[in-house]
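Below is one structure, written out as structure tokens; the observations come after it.
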Amino acid sequence: MVRYQIRARGLKDESLLQALLAVPRHLFVPEAYRGEAYEDYPLPIGEGQTISQPYIVALMTAAAEIKPGDKVLEIGTGSGYQAAVLSRLTDQVFSVEIRETLATRAARLLESLDFKNIRVRWADGYFGWPEEAPFDAILVTCAANHIPPPLFQQLREGGRLVIPVGSTVFFQTLTLVRKTGGQPVIKQLLDVRFVPMVGEIEKNKR
Ligand code: SAH
């Protein structure tokens, strides 16, 4: 997986590749899909949700430029896989999941695998995790039709927000937002397809 899907596509940062090698992805997918855990596509994880394709996990992680010591927030814990990868690159990972069953399951799995530096919260990630802000990086793993203002606010100066922005039902553009002088500097990375963000964002169509 790492050699052919990640490295061959140009993501060569050694610490990123080591982080991917360190996380047993097959334990984050349902048993029925274990044999496909390292394939080049997303997989169902229950509740109509999916674990992202390995390359997308790697690309989002690379775009967020995680360095040791960074405080990182993920919105959309799902299986817990992306959080696990992030936790190999820094020591403080916070992850918010809106579906209680997924939040509980991911928290238990991460604990049983001894990922001690990840905290999972069951809540609407639209509002971020204000008590722990500011963050050096925020990764949103569900599709948003706009950038939730609380997430930009909770970004440290120089911080990176990686988020799929666009239609929540069709395609989105994976977008990198860097807080520079308090303002967003936006870079579009590539077209992606994520499951929709739900909750507050649905009330607030823009
Ligand atoms: N990062 C996950 C993949 C997540 S799929 C992994 O590595 O497995 C997207 C997740 O976002 C789903 O679990 C979905 O329930 C969650 N989600 C959707 N809207 C959300 C919201 N407003 N706040 C937090 N999580 C949300």
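Sort out which residues of the stretch 42-66 are out of contact with any helix residue (DSSP H, G or I) (no Cβ under 9 Å at 6 or more places or on another chain) and either part of a loop (DSSP other than H, G, I, E, B) or buried (at least 24 other Cβ atoms within 10 Å of the Cβ) (or both), and write them in order of number.
G48, E65
Please go through the stretch 149-206 and pick out each residue that is away from the ligand (no atom under 16 Å from the Cβ), within 14 Å of A64 (Cα to Cα) and not β-branched (V, I, T).
L155, R156, E157, G158, G159, R160, L176, R178, K179, K187, Q188, L189
Tally up the residues in the stretch 91-122 that are of a type outside the set (F, W, Y), touching an Asp or Glu at 6+ places or on another chain (Cβ under 7 Å) and open to solvent by 10 Å² or more (accessible area, probe 1.4 Å), please.
Within the stretch 91-122, residues that are of a type outside the set (F, W, Y), touching an Asp or Glu at 6+ places or on another chain (Cβ under 7 Å) and open to solvent by 10 Å² or more (accessible area, probe 1.4 Å) number 5.
Are any residues in the stretch 123-132 touching a residue at least 24 places away in the same chain (Cβ under 8 Å) and either in contact with an Asp or Glu (Cβ under 7 Å, 6 or more places away or on another chain) or surrounded by fewer than 24 Cβ atoms within 10 Å (Cβ to Cβ) (or both), and if so, which ones?
Answer for the stretch 123-132, where residues must be touching a residue at least 24 places away in the same chain (Cβ under 8 Å) and either in contact with an Asp or Glu (Cβ under 7 Å, 6 or more places away or on another chain) or surrounded by fewer than 24 Cβ atoms within 10 Å (Cβ to Cβ) (or both): A123, D124, Y126, F127, W129, P130, E132.
Are there any pairs with C-beta distances below 9 angstrom linking a residue in the stretch 174-193 that is touching a residue at least 60 places away in the same chain (Cβ under 8 Å) to a residue that is charged (D, E, K, R), with the two at least 6 apart or on different chains, and if so which?
L174/D191; L176/R160; L176/K187
How do the pairs read when you match residues in the stretch 154-173 that are open to solvent by 40 Å² or more (accessible area, probe 1.4 Å) with residues anywhere that are not in a strand (DSSP E or B), using Cβ under 9 Å and keeping only pairs 6 or more apart or on different chains?
From residues that are open to solvent by 40 Å² or more (accessible area, probe 1.4 Å), the pairs are R156/A133; R156/P134; E157/P134; E157/G181; E157/G182; S167/N145; F170/R193; F171/R193.
Quick one: which residue in R108, R99, R121 is farther than 21 Å from L151 by Cα, among the basic types (K, R) and modelled with pLDDT of 95 or more?
R108 is the lone residue from the list that is farther than 21 Å from L151 by Cα, among the basic types (K, R) and modelled with pLDDT of 95 or more.
Which of the residues belonging to the stretch 79-98 are near the ligand (Cβ under 6 Å from one of its atoms) and over 9 Å from the mean Cα position of the chain (by Cα)?
Once the filter is applied, which keeps residues that are near the ligand (Cβ under 6 Å from one of its atoms) and over 9 Å from the mean Cα position of the chain (by Cα), the stretch 79-98 yields S79, V96, E97, I98.
The values are calculated or read from the model by the stated rules, or taken from the named source; none is laboratory data. The structure presented is a predicted model; accordingly, all values stated were derived computationally and were not measured. Cβ sites come from the backbone with ideal geometry, for glycine too, and all protein chains shown count toward neighbours. Just so you know, the surface numbers come from the protein's heavy atoms only, side chains and all, with ligands and any DNA or RNA stripped out. Shrake-Rupley method; radii C 1.70, N 1.55, O 1.52, S 1.80 Å.
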